[in-house]
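The values are calculated or read from the model by the stated rules, or taken from the named source; none is laboratory data. In this text the structure is predicted, and so the values were computed from the model without any measurement. Positions of Cβ are generated from backbone atoms using ideal geometry, with glycine treated the same way; all protein chains shown enter the neighbour counts.
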Amino acid sequence: MELIYGRNAVSEALKSTRYGAKIEKVMLAEGVEEKAGGPVAQIIELAARRQPPVPVKKVARQELDRLTNQANHQGVVAQVPPYIYTDFDELLQANQENPDALFLVLDSLQDPQNLGTLFRTAEAMGVTGVILPERRAAGVTPAVRNASSGAVEHLQIAQVVNLARALDQLRETGVWVAGLEDEKKAVPYDKASLTGRLALVVGNEGAGLGRLVREKCDFFVSLPMLGKVASLNAAVAGSIALYEALRQRRAATASKK
C-alpha cells in the first residue's frame, strides 16, 4: 500500500473503479473544514458510498505531515494500492480500429511535476493512452498523482521495457509517430498534420528525445521560439502540442458535417 495526498488526488481515487475494494482508509487532519458541499465533505461522502465503505479517520495534522514527508497534503491522505498500469498490448488491441487514436509517449521524463502536468492535460483532452518506459524515468508515484490532481485515475497508462520497440508496435498498427523536437527537419506545430492515428513523443527535460526513439519518429514537430530562452519546459511544450492536435481534430470533424 502507499499514501496519496491532496484533495483532488484522493477524491479522484475514490471515484475510480481501478482499485475495487482495496482502498484501505482516508485520513483527515483534525480541524479540517467539512463545510456541506465542500471538497472535504465530498470526500467523506465518496468514501461512504464505496462498497465496502472506506473508513475515514481523524488524525493530528502533524501526523499527516510526518506520513507525507511535509508534502502539501491539504489535510487529506488516503492509503491505497500502488498505481495499476494498463497492459500495453491490451491498450494497442483495444484501439487498433480507432481511426483517431492519440497516444502520448514520454521518453524518460524525470520530474514528477512535469509528468503530473502532462497527465492532467492528457486526461483533459481525452488522450487514448500514455506510454512510459519502465526504467530511467519517473512513474506514477504519490507525488505524480498529486501533481496530476487525480487525472491519472482516469487515464490508460502503460509502462514498457523498450520504448523504441513499443513505437515500432504502434507504427505496425498504422500509428504515425511525431517527435516533439526543435531541429532543422521539424515542421512547425501548427503546420504539421496531427490528425488520424498518432503518437506524440515528448523527450527528457534535459537531453530531449533519445537516439533510438528519434530513429522511430516519422516526423518532428517544433514550437516557435521568439525569445531568449532556448526551450520550453517539457510539460508546457507537450501540452501545447496536444491541444494543437485537439484543435486540428475538431476542425476535421466540423468540416465533415
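When you check GLU134 against the structure, is it over 24 Å from VAL236 (Cβ atoms) and not aliphatic (A, V, I, L, M), yes or no? Criteria met by GLU134. Counting only helices (runs of 4 or more DSSP H) wholly contained in the range 13-119, the ones carrying 3 or more residues that are under 21 Å from SER149 (Cα atoms) and not assigned by TED's automatic domain parsing to the domain that holds ARG145 occupy 39-49, 61-67. Set side by side, the residues LEU91, LEU109 differ, and just one is modelled with pLDDT of 95 or more, of a type outside the set (Ser, Thr, Tyr) and surrounded by 13 or more Cβ atoms within 10 Å (Cβ to Cβ), which is LEU91. For the range 24-55, taking the residues that are among the aliphatic types (A, V, I, L, M) and touching a Pro at 6+ places or on another chain (Cβ under 8 Å), the one that is surrounded by the fewest Cβ atoms within 10 Å (Cβ to Cβ) is identified as ALA47. The numbered conditions (1) touching a residue at least 12 places away in the same chain (Cβ under 8 Å); (2) assigned to a helix (DSSP H, G or I) are all true for ARG165 except (1). So, VAL201, is that one closer than 23 Å to PRO112 by Cβ, of a type in the set (Val, Ile, Thr), in a helix (DSSP H, G or I) and touching a residue at least 24 places away in the same chain (Cβ under 8 Å) or not? In short, no. Of the residues making up the range 138-160, those that are within 17 Å of PHE103 (Cβ to Cβ) and free of Cβ contacts under 8 Å to residues at least 40 places away in the same chain number 1. Selection of the range 199-218 for residues being farther than 23 Å from LEU246 by Cβ, modelled with pLDDT of 85 or more and exposed (fewer than 14 other Cβ atoms within 10 Å of the Cβ) yields ARG211, LEU212, GLU215. In the range 120-152, of all residues being in a loop (DSSP other than H, G, I, E, B) and hydrophobic (A, V, I, L, M, F, W, C), the one that is nearest to VAL213 (Cα to Cα) corresponds to ALA137.
Filtering the range 169-198 to residues that are buried (at least 22 other Cβ atoms within 10 Å of the Cβ) and either part of a helix (DSSP H, G or I) or of a type in the set (S, T, N, Q) (or both) leaves only LEU170. In the range 219-257, of all residues being under 19 Å from LYS185 (Cα atoms) and either among the hydroxyl-bearing types (Ser, Thr, Tyr) or assigned to a strand (DSSP E or B) (or both), the one that is modelled with the lowest pLDDT corresponds to SER231.
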